[in-house]
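Written out below as structure tokens is the structure these notes cover.
The values are calculated or read from the model by the stated rules, or taken from the named source; none is laboratory data. Just so you know, these numbers come straight off a predicted model, no measurement behind them. All Cβ positions, even for glycine, are placed from backbone atoms using ideal geometry, and neighbour counts span all protein chains on display. Just so you know, the surface numbers come from the protein's heavy atoms only, side chains and all, with ligands and any DNA or RNA stripped out. Shrake-Rupley method; radii C 1.70, N 1.55, O 1.52, S 1.80 Å.
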Amino acid sequence: MTSELSLRAHALRALIRRDWLVARSYRTSLVTDLVFGFLNLLIYYFVARALRPRIGVNLDGAPSYFAFATAGVVLALVLQAGTVVLARRVREEQLTGTLEMLVAQPIDPPELALGLAGFPFLFAVGRAFLYLLLAGVFLGLSFAHTSWVGLVVALCSAGVGFAAIGISIAAIILVFKRGDVLAPAVVVALTLLGGAVFPTQVLPGWLDALSYATPTRYAFEAVRGAQFGAHSWIVPSLILIGFAVVGLAVGLYLFTLALRYTARHGTLNQY
Amino acid sequence: MSACDVMRAFGKRRVVGPLNLDAHRGERIALVGPNGSGKSTFLRCVAGTLTPSTGSVHVGGHPAGTRQARRLIGVSLSQERSFYLRLSGYANLLVFAQLREPIGRARADVAEIVEELGIAPIAAQRVDRCSTGMVQQLALARALLGAPALLMLDEPTRSLDTAAIDRLWAAIDRRPEVAVLFATHRDHDIARCDRAVDFEPS
């Protein structure tokens with residue numbers, strides 16, 4: 001049993017390491033990607049300056065609009081990595097034929113899904129911390145009231161929850177092939193509904209109510225709670241973990257069904 | 001490997017079978033037939049990446065497509081680009097070896113097979129800089145990882161030079177206990193198999 005588990009861990013590590021090696025081979029793209037994230041923050045930094053003095057709504061305890069938006073932008077990057085990047089990755093594997101070779105190996109569909117999602121998740125969470133750090137050093141973001149444990153828990157549970165959404169989208173792409181629009185659309189919808197760059201109170205009532213059904217709302221609340229200390233990060237984190245566990249189970253099940261579907265219809269390699 | 005009444009159709013077009021085929025330990029079977037006769041489709045059914053429309057395939061007593069069956073199979077399908085093109089051949093082999101074995105054994109396995117096939121210069125290069133024949137040799141190396149009991153090779157000599165073909169057959173000869181399904185058009189390959197199974201276009 002132990003050796004079987006250890007083999008599964010090796011398989012996951014192999015897939016994560018492979019993605020890291022592939023990402024590293026595109027050095028310019030890797031650097032551009034990192035710079036782009038920081039530029040994104042910079043935009044909100046200047047928007048926040050233009051909006052001074054404080055805007056008249058509750059900013060979830062954030063001392064400024066920039067501090068408020070930083071959490072949203074950083075988490076949106078995690079969400080994008082967990083969905084768009086993973087979806088693109090699955091499609092590439094499908095087109096080149098590596099997906100079929102992976103499926104022919106002795107690994108189960110859930111392991112394969114987790115292996116494919118592993119690197120985008122780790123990279124996104126790492127980037128999120130990097131951006132927060134850069135915002136602190138260069139743009140004056142304060143961490144005076146930050147709970148670092150809370151921030152780690154919130155970002156990691158958000159990453160897992162978003163990866164679960166990504167795995168579900170990957171399953172859809174396996175079956176329907178073209179997911180170019182689906183993943184970005186999901187990102188935009190979840191980002192807006194969750195209150196990434198504006199408080200959800202400004203949404204129409206029914207949209208605000210709908211946002212309670214999205215993991216992003218709790219992700220933003222948890223991160224802002226941990227970052228600014230104005231409210232607890234524990235409750236939204238627990239809800240987020242609940243989303244992550246259920247979402248992961250659903251996503252892995254859908255991915256397994258999708259692989260079975262492609263084997264039955266002979267579309268594992270289809271363009 | 002035991003294939004029982006295997007038939008595969010795409011829509012209304014029947015591509016394979018119904019076909020009955022058993023491959024025993026150490027047996028080399030050439031799958032012969034013109035393009036489109038279903039050889040690759042049959043191999044995919046055994047590999048578990050394609051489900052037969054009817055019939056069943058078992059490998060070592062396990063249904064095709066299960067983890068246990070896939071552990072027994074080494075496969076090279078006719079996908080020339082089925083590698084991570086930005087990575088070296090060695091890195092590619094190591095990824096696939098680690099899906100079968102712990103890291104230490106995977107490294108040793110890759111090193112042994114690379115040496116056995118004499119492909120160290122190929123394995124050192126990025127795959128997108130390799131020719132079709134070079135990639136095909138990497139595909140053979142990948143199929144040999146993890147000491148499979150059943151080796152399935154889809155036209156593995158198609159783009160190889162004579163020396164590489166000799167190395168391929170030498171590698172198969174060094175594994176007399178391994179059952180081999182060898183899809184090919186070449187008489188030279190067919191002659192080295194124990195028997196041939198004809199695939200007719202449906």
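Among the residues of the range B:117-138, those identified as farther than 16 Å from B:Thr162 by Cβ and touching a Leu at 6+ places or on another chain (Cβ under 8 Å) are B:Ile122, B:Ala123, B:Arg126, B:Val127, B:Asp128, B:Cys130, B:Leu138.
Given the options A:Phe143, A:Phe123, name the one that is out of contact with any strand residue (DSSP E or B) (no Cβ under 6 Å at 6 or more places or on another chain), of a type outside the set (Gly, Ala, Ser), surrounded by 17 or more Cβ atoms within 10 Å (Cβ to Cβ) and modelled with pLDDT under 90. Talk me through it step by step, then tell me what you get.
Numbers: A:Phe143 fails: surrounded by 17 or more Cβ atoms within 10 Å (Cβ to Cβ).
Selected residue: A:Phe123, the only one of A:Phe143, A:Phe123 that is out of contact with any strand residue (DSSP E or B) (no Cβ under 6 Å at 6 or more places or on another chain), of a type outside the set (Gly, Ala, Ser), surrounded by 17 or more Cβ atoms within 10 Å (Cβ to Cβ) and modelled with pLDDT under 90.
Pairs meeting the criteria (first residue in the range A:103-118 and more than 7 Å from every other protein chain (Cβ to nearest Cβ) and under 18 Å from A:Ala81 (Cβ atoms), second residue aromatic (Phe, Trp, Tyr) and surrounded by 24 or more Cβ atoms within 10 Å (Cβ to Cβ), beta carbons under 7 Å, at least 6 apart or on different chains) are A:Ala113/A:Phe255. When A:Asn58 is tested against (1) under 18 Å from the mean Cα position of the chain (by Cα); (2) surrounded by fewer than 20 Cβ atoms within 10 Å (Cβ to Cβ); (3) more than 14 Å from every other protein chain (Cβ to nearest Cβ); (4) touching a residue at least 40 places away in the same chain (Cβ under 8 Å), just one condition goes unmet, and that condition is (1). Here B:Ala64 qualifies as free of Cβ contacts under 8 Å to residues at least 40 places away in the same chain, closer than 17 Å to B:Ala179 by Cα and open to solvent by less than 40 Å² (accessible area, probe 1.4 Å). Screening B:Ser88 on (1) farther than 17 Å from B:Phe182 by Cα; (2) modelled with pLDDT under 95 shows it passes everything except condition (2). Here the range A:4-35 is the region considered, the condition is being within 20 Å of the chain's Cα centre (by Cα) and open to solvent by less than 50 Å² (accessible area, probe 1.4 Å), and the residue that is farthest from the other protein chains (Cβ to nearest Cβ) is A:Leu30.
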